[in-house]
1. How far is helix 127-143 tilted off the main Cα axis of the chain, in degrees rounded to 10, range 0 to 90?
2. Any idea which of Thr131, Leu224, Ile142 is furthest toward the positive side of the dipole for the chain, if Lys and Arg beta-carbons carry +1 and Asp and Glu beta-carbons -1?
3. Looking at the range 25-82, which trypsin sites (Lys or Arg not before Pro) are DSSP coil and have at most 12 other C-beta atoms within 10 Å of their C-beta?
4. Could you pull out every one of the aspartates and glutamates with an alpha carbon less than 18 Å from that of Lys101, ignoring same-chain neighbours closer than 8 positions?
5. Could you work out [θ]222 nm for the chain from helices alone, using -39500 (n - 2.57) per DSSP H run of at least four and dividing by all its residues? Round to the nearest 500 deg cm²/dmol.
6. If you add up the charges near Thr3, with Lys and Arg at +1 and Asp and Glu at -1, over every other residue whose beta carbon is less than 11 angstrom from its beta carbon, what do you get?
7. With the contact rule set at Cα under 8 Å and sequence spacing of 6 or more, what percent relative contact order holds for the range 4-225?
8. Only Lys, Arg, Asp and Glu count, each charged at its Cβ (+1, +1, -1, -1), so figure out the dipole size of the range 1-140 about its Cα centre, rounded to 20 debye.
Amino acid sequence: MNTLATLQRQLASCSLCPRLVAYRGRIAHEKVKRYRDWEYWGKPVPSFGDPQARLLVIGLAPAAHGGNRTGRIFTGDRSGDWLYGALHDAGFANQPTSIHKDDGLQLNDCYITAAVHCAPPENKPLPEEFTACRPYLLRELILLQRVQVVLALGQIAFAAYVAARRDLGLAVPSPQPRFGHASVHRLEPVTLIGSYHPSQQNTFTGRLTREMFHSVFQQARAALDARGVVL
Ligand code: SF4
């Protein structure tokens with residue numbers, strides 16, 4: 001039995017957060033004009049990728065008209081264009097685009113999850129929603145036994161990974177690792193890399209450029225190469 005697949009099926013029917021259940025359903029019903037012919041997913045958005053991955057990417061939460069519409073993480077929005085473009089460039093994806101669930105996208109040696117799996121209003125989950133969703137991340141960290149590099153997209157995802165380590169009883173140095181773009185921390189058994197999130201707030205303002213973003217995935221590739229292949 002593929003237990004990661006089982007976990008994702010359980011996640012897809014989760015309704016623990018009343019505010020997010022109401023929001024994801026309302027957005028799916030109301031839609032936006034450009035997607036009025038879509039049947040929105042409107043449920044928790046499962047993680048996606050290679051169960052044997054050595055690279056784990058952690059995002060914040062699905063976008064209202066991205067993952068919440070298409071049902072696949074980082075799919076159908078500009079953040080996804082950036083993410084899969086960078087993954088493809090670094091050899092972790094078979095194509096640079098992610099448009100809908102049946103577009104042929106496959107990840108190789110990479111798995112993508114999120115701190116929160118339901119689209120939140122204004123892209124801002126509440127503290128209790130992070131707490132409610134964390135058990136899914138914990139179970140993924142246990143099940144993804146080959147992960148050697150964790151790449152956190154944004155400070156919140158970075159903090160979510162550190163919090164998950166504490167919950168799992170894994171060591172967290174003091175002072176706590178600090179988030180920064182292209183920051184690298186050796187937190188056994190993984191290397192933790194921080195990246196600015198490819199949100200429009202960062203990409204439209206130039207805080208994050210394509211070059212900067214692609215370079216952190218090359219860092220991840222180099223970190224994996226340096227660690228060697230686990231057999
Ligand atoms: Fe469940 Fe996570 Fe969605 Fe909350 S955010 S309803 S815990 S899947």
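1. 60 degrees
2. Thr131
3. Arg36
4. The qualifying aspartates and glutamates are Asp37, Glu39, Asp50, Asp77, Asp81.
5. Numbers: 8 runs with 92 residues, N = 231.
My calculation for the chain gives -12000 deg cm²/dmol from helical runs alone.
6. Values: positive: Arg9, Arg139; negative: Glu140.
Net local charge, Thr3 excluded: +1.
7. Here the relative contact order equals 21 percent.
8. 460 debye
The values are calculated or read from the model by the stated rules, or taken from the named source; none is laboratory data. From a predicted model like this one, the values you see are computed outputs, not experimental measurements. Neighbour counts are summed over all protein chains in view; Cβ atoms, including those assigned to glycine, are modelled from backbone coordinates with ideal geometry. For the accessible areas, the whole protein counts, side chains as well, though only heavy atoms, and no ligand, DNA or RNA atoms are used. Shrake-Rupley method; radii C 1.70, N 1.55, O 1.52, S 1.80 Å.
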